[in-house]
Amino acid sequence: MDRIVIRGGRRLEGRVPISGAKNAALTLMPCALLSSAPLTLTNLPRLADVESFGHLLNELGASTTVAGRGAGATRAMTIDAAAVQSTVAPYDIVRKMRASILVLGPLVAREGQATVSLPGGCAIGNRPIDLHLKALEALGAELEIAAGYVKATAPRGGLVGGRIVFPLVSVGATENAVMAATLARGTTVIDNAAREPEIIDLCRCLIAMGASIDGVGSERLVIEGRDALHGATHEVMPDRIEAGSYACAAAITGGTLELDGARAEDMAAILHALREAGVEIEETERGLTVTAAGEIHPLTLSTAPFPAFPTDMQAQFMAMLSLANGASVLTESIFENRYMHVPELARMGADIQVRGRSAVVRGVPRLIGAEVMATDLRASMGLVLAGLAAEGETQVHRVYHLDRGYERLEDKLSAVGADIERVGGA
Ligand SMILES: CC(=O)N[C@H]1[C@@H](OP(=O)(O)OP(=O)(O)OC[C@H]2O[C@@H](n3ccc(=O)[nH]c3=O)[C@H](O)[C@@H]2O)O[C@H](CO)[C@@H](O)[C@@H]1O
Ligand SMILES: C=C(OP(=O)(O)O)C(=O)O
């Protein structure tokens, strides 16, 4: 299994190109299942999850054609789902990538049925899909759960518009509901919808495919179902979590990074927190310039749905704050088990105590490189950040987590002065 080896202590300086967003790509790709005409997605990141989603679409009978494979070139994928040959998303693919559940809504809307392996929990928490299922039920789908699979069947004549009131904000359930509602007969109203920028990107793509959606970016979405959607070309939005992660890399190494393509409007809570920590941020024509300006100040931060501070940035901030000049309090309110990086950071000398959903991070003067184990995607990035700042060598094992969400991580970091390499191994 590959590992990342970092010799820390180098100040990072230079340009980092920000890739297309993983979490947008994973909800844009299933949109192709809603139409018999091709959907082209540009600025698609090269990530393990995007590859897995491509395989899933192939399994369902869609063809995927990729243009622009070379390093650095922006990549486009054309997905042609003219003929859906299977409506079954098998365990083997779903277990690798939870976002596979996002084929459920499109398949039942267009094909009248879908059978998707239940994704189960993962390292960061329990992650049920009850809200996805309730939303589809509100559109008339009948559900059956057996042998680890959920089978959804639309009424004769297809899904019908309905009222969906989410009891809590769910990104994935909102995405499934919106996609399904675009082909349901009549009007669907979704209340307490997620407002993440990736949901806005999804709605823009669906509108380009001919869908009618009002209230984009708000907590109430009103969708008029269409008989059919057409093809479109859509550019995947920049990855705000990747951009935020590199901003932390600048801060933790005392460096300055230009984040090409980063969009400040999607990152208000992240940028606010960085500024509070004493980091300078400048909006430029190309994106953002992030400069460490002295010591890192401690923060009190709570994760919550957009526009609040994202759970997907918690581990990276924790790594950064482990070197702050005081004690921070981080509260994780989205996923009950998203502190798996804490014992690993502690192995590098961080002083962190978890009490229930909160973690007290007492800044230490320095971290020392160690062998650490990545447990999930953002935890891995937290460990990479700690390694960049630590004295000596850090080895991050289980790199496959990072490959799910960070395109060419070692290349991007080496290009701005990090001493980092990927080492293959058993
Ligand atoms: C591929 C993708 O876009 N992943 C993101 C998406 O995950 P995902 O869509 O899985 O996250 P959700 O927004 O659905 O989860 C939010 C909370 O709702 C709960 N819940 C969710 C669905 C459900 O049916 N029942 C239920 O109880 C979850 O356990 C969690 O506590 O949003 C998360 C929250 O911003 C991010 O961390 C993930 O990076
Ligand atoms: C939790 C994440 O992703 P996923 O929902 O794909 O597991 C993430 O991107 O941090």
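Each value in this text was obtained by applying a stated rule to the coordinates, not by laboratory testing. Keep in mind that what you see is a predicted model, and the values were worked out from it rather than measured. Counting neighbours? That spans all protein chains shown, and the Cβs are built from the backbone with ideal geometry, glycine included.
Some points to look at:
- The range 154-202: trypsin sites (Lys or Arg not before Pro) falling in loop per DSSP and having at most 15 other Cβ within 10 Å: R156
- Principal-axis tilt of helix 171-181 within the chain, Cα atoms, nearest 10 degrees: 20
- Charges were assigned to the Cβ only: +1 to each Lys and Arg, -1 to each Asp and Glu. The resulting dipole of the range 281-382 about its Cα centre is roughly 320 debye.
- What separates the Cα centres of the range 139-197 and the range 15-33 is a distance of 22 Å.
- Of the GluC sites (Glu not before Pro) found in the range 231-294, those that fall in a DSSP loop while having at most 14 other beta-carbon atoms within 10 Å are E285.
- The C-alpha atoms of the chain define a longest principal axis, and helix 197-208 lies at about 30 degrees to it.
- Label-to-label distance, T187 versus V329, with points set 7 angstrom from Cα along the beta-carbon direction: 4.5 nm.
- The chain: Lys pairs at Cα distance under 20 angstrom, eight or more positions apart or on different chains: 4
- Mean-position separation - Cα centroids, the range 217-248 and the range 76-111, in angstrom: 18
- Tensor-based shape of the range 22-226 (alpha-carbon gyration tensor, a/c under 1.5 rounded, otherwise prolate or oblate): rounded
- With the charge dipole of the chain set up from +1 on Lys and Arg Cβ and -1 on Asp and Glu Cβ about the Cα centre, the Cα lying farthest toward the positive end among the listed residues I18, M29, P155 is that of P155.
- Principal-axis tilt of helix 240-252 within the chain, Cα atoms, nearest 10 degrees: 0
- Counting only DSSP H runs of at least 4 residues, each contributing -39500 (n - 2.57), and dividing by the residue count of the chain, the helix-based mean residue ellipticity at 222 nm comes to -8000 deg cm²/dmol.
- The loop-placed trypsin sites (Lys or Arg not before Pro) in the range 34-133, going by DSSP, that have at most 12 neighbouring Cβ atoms within 10 Å of their Cβ come out as R69.
- Between the range 264-341 and the range 350-376, the alpha-carbon center distance in angstrom: 15
- S358-D411 pseudo-label distance in nm [points 7 Å out on the Cα-to-Cβ vector]: 4.4
- Beta bridges from DSSP with both residues in the chain: antiparallel share about 70 percent, rounded to the nearest 5.
- Rounded to the nearest 20, the Cβ-based charge dipole of the chain about its Cα centre (Lys and Arg +1, Asp and Glu -1) stands at 540 debye.
- Across the range 148-159, rounded Karplus estimates of 3J(HN,Hα) from the backbone phi angles (6.51 cos²θ - 1.76 cosθ + 1.60, θ = phi - 60°) give x, 10, 10, 10, 10, 10, 7, x, 4, x, x, 5 Hz, Gly and Pro being marked x.
- Placing +1 on the Cβ of every Lys and Arg and -1 on the Cβ of every Asp and Glu, with no other charges, gives the range 76-170 a dipole of roughly 180 debye about its Cα centre.
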